[in-house]
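Structure record follows, encoded as structure tokens.
The values are calculated or read from the model by the stated rules, or taken from the named source; none is laboratory data. Everything numeric here is computed off the predicted structure, so don't read it as measured data. Cβ sites come from the backbone with ideal geometry, for glycine too, and all protein chains shown count toward neighbours. Just the protein is used for accessible areas: all its heavy atoms, side chains included, with ligands, DNA and RNA removed. Shrake-Rupley method; radii C 1.70, N 1.55, O 1.52, S 1.80 Å.
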Amino acid sequence: IHLIVAFGIMCYIYWLILSINKTERNPNKLINKLSKWLILTIVIQVIYGAFMAGLKAGYLLPQNNSFFENVFGYTLRNTNDFSLLTNGFDIQAFHRLFAWIIFSIVIITLNKTRKTLLANLGLLIFGLTITQIILGVLTLLSRVQLHTATAHQFTAIILLLSVVRLNYLSTEKSQ
């Protein structure tokens, strides 16, 4: 809860800065809707990132899997304790797989911003998402080295703020 409140306050302050500076908007309903979906999915991902850290689920990556299985796969377990709130294995799998849902929305957003004044921001969000996925993979493969995990969390903040900016810029001006 503490992490999400902190992220929420950061986003709100950034929104206020954009509005105080009277940042030029380029209203686009579709891009605005996509940015709202991205904000929602990133917030869910941040919550599961907090669960990952709190439960030390990053250390649960099996060491005998291939690189492909570590990056894309989920090891099926014979278990009756499935839980997306308390089971580190399930939380890690959800966090890893949900990243690909976010990536899919980012690809659509990149495509929709391509020929607009928001193209550079769409490209930035795409680049940050790729960086975030790479850092996530490296965090697991490095057995949660602190510098890699910190870079992963910091990039999440920058990504979320970039999507907030996209949402602001694509919103109709309020009267």
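From the list 143, 165, the lone residue that is in contact with a Ser or Thr (Cβ under 9 Å, 6 or more places away or on another chain), open to solvent by 30 Å² or more (accessible area, probe 1.4 Å) and either modelled with pLDDT of 95 or more or more than 18 Å from residue 103 (Cα to Cα) (or both) is 165. Residue count for region 153-175 satisfying the condition of being assigned to a helix (DSSP H, G or I) and touching a residue at least 60 places away in the same chain (Cβ under 8 Å): 13. Summed over region 117-138, the residues that are open to solvent by less than 80 Å² (accessible area, probe 1.4 Å) and either in contact with a strand residue (DSSP E or B) (Cβ under 9 Å, 6 or more places away or on another chain) or modelled with pLDDT of 95 or more (or both) give a count of 14. Selection of helices (runs of 4 or more DSSP H) fully inside region 7-115 by the criterion of at least 1 residues being buried (at least 19 other Cβ atoms within 10 Å of the Cβ) and at pLDDT 80 or above returns 29-54, 88-113.
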